[in-house]
Structure formats: C-alpha cells, structure tokens
1. Pick from the range 155-177 the residues that are crowded, with 18+ Cβ neighbours inside 10 Å and over 13 Å from the mean Cα position of the chain (by Cα): which of them is farthest from A120 (Cα to Cα)?
2. Condition first: assigned to a helix (DSSP H, G or I), within 13 Å of the chain's Cα centre (by Cα) and at pLDDT below 90. Now tell me which residues in the range 121-154 satisfy that.
3. In the range 161-197, what count of residues is obtained for those that are part of a helix (DSSP H, G or I), among the small types (G, A, S) and without any contact (Cβ under 8 Å) to a residue 12 or more places away in the chain?
4. Does A2 qualify as being surrounded by fewer than 16 Cβ atoms within 10 Å (Cβ to Cβ), touching a residue at least 12 places away in the same chain (Cβ under 8 Å) and outside any helix (DSSP H, G or I)?
5. Working carefully through the options L42, L84, L54, L48, find the one that is modelled with pLDDT of 90 or more, surrounded by 16 or more Cβ atoms within 10 Å (Cβ to Cβ) and out of contact with any helix residue (DSSP H, G or I) (no Cβ under 7 Å at 6 or more places or on another chain).
6. Can you name every residue in the range 60-82 that is among the β-branched types (V, I, T) and either in a loop (DSSP other than H, G, I, E, B) or closer than 19 Å to G141 by Cβ (or both)?
7. Within the range 27-69, count every residue that is within 25 Å of L146 (Cα to Cα) and under 17 Å from the mean Cα position of the chain (by Cα).
Amino acid sequence: MASLTEYLRFFVTLTAVVDPFLAIPFFLAFTRGRTAVERADLARVIALTVFVVLALASFTGESLLRWIGASLPAFRVAGGLVLLLMALAMLNAEAGRVRQTDAEADELQSGDVSGVVPIAFPLLAGPGAISTSIIAVGQGGFVHKLAIVFCVGLVCLVSWVTLAHAHAIASRLSLTALNIATRILGLLLAAMSVQIMAEGLKGLFPALTL
C-alpha cells in the first residue's frame, strides 16, 4: 500500500477532476420542473454510475494497458496531458471539450437523454477521471486497489451530496462563486497534472532522474 499522503493526494486530484461543482448548472438545467424526490433519485444514480465506471477502470486498467502494449509511464504522460487540458478549461470556468462536446451539451439541454448520460459519463467520469484512477492503481497489489476504490467511493459520496443539494447550493451561491470554486480546483488539477507527466517522463527517460 502507498502512504496516507499518496491516498490523500489521489482523493484531492480525483475530486478536482470529477468537479461536482461544475456539474451543478447542468444538473439544474436537466432537472428543471422535476420534484425533489426525482432530483434526489437522479443524483444517487449518477453517483453510483460514476463509482462503477471508475472502480472498473481501477481494476481493469492495468490489464488493458498490457493488452494494447502501453507502459504505465507512457500512460502517465498521456493522462497528465488530458488532465492539463481539463485544468485549463476549468481555469476559464468551462467544462471543456474533453468533458463534453457542444452536441452532448445540446442533447442534455433538450432533455432527450436520461441525465446519467452525459452527466455521469462523460461529464463526471470522463477520460480524465478514468485516467487518474488507472494511474493511481499503478503496479499496486489487491489491497492497494481496494484503497483506491475506497477513495473513489468517497469522491462519489461528495458528488452525490453536492448534486442532491444542487438547488440549495445554487440558491446560496452565485454563479460567480461556483466558478471560483471550479477555478480553484482547476489550479490544483493543473499542478497535479504537471506532476503526473513529470513522473511519467522519468519512467520513460531514466536519465532525467540523474
């Protein structure tokens, strides 16, 4: 198992990647006109979907990398780049095209989708969150994977509580306040993404550690 600090760093990074605050405006738009019970049910289903997607990524990601012939250091560099693109969008208080395309946003606004897609996937559990989970598992054993999944569960719990109380949060916080929270998480994510890419480059080019 890794140290408690490493798990805490993973929790903070994954929280910034998932960023439930960024999903609040989308959740409010989709649930407009729905009852409180329906909103609570949808928030729970979204959180469970995110957990299932990221837990599966944590347990199967290493095998998938071996199957396609990619090394973990290479995936760290690629994943870090994806996270950096997401962070730059978050610094502008935007979802960014890595999370959601314009067509997906229009589909959500039209109400032609369930809300689980695309809010749970790919808005919350998108490429960035999946990459973060796979990178965190690394070459760890079964107990380490369980610890990572536990951290994933905590992040999903935060997301559930945030979405379940989205209307209350929105009524107390302005759009500017929500954007500030997203920008702060974006700044943290930018720093984490650079660190992940640096670790990947050291694995690909050991001479960089000299």
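The values are calculated or read from the model by the stated rules, or taken from the named source; none is laboratory data. As the structure is a prediction and not an experimental result, all values here were calculated from the model. Glycine also receives a Cβ, built like all others from the backbone with ideal geometry; neighbour counts cover every protein chain displayed.
1. The qualifying residue farthest from A120 (Cα to Cα) is I169.
2. Of everything in the range 121-154, those that are assigned to a helix (DSSP H, G or I), within 13 Å of the chain's Cα centre (by Cα) and at pLDDT below 90 turn out to be F121, P122, L123, P127.
3. 4
4. So A2 passes the test.
5. On inspection, the qualifying residue turns out to be L42.
6. T60
7. 18
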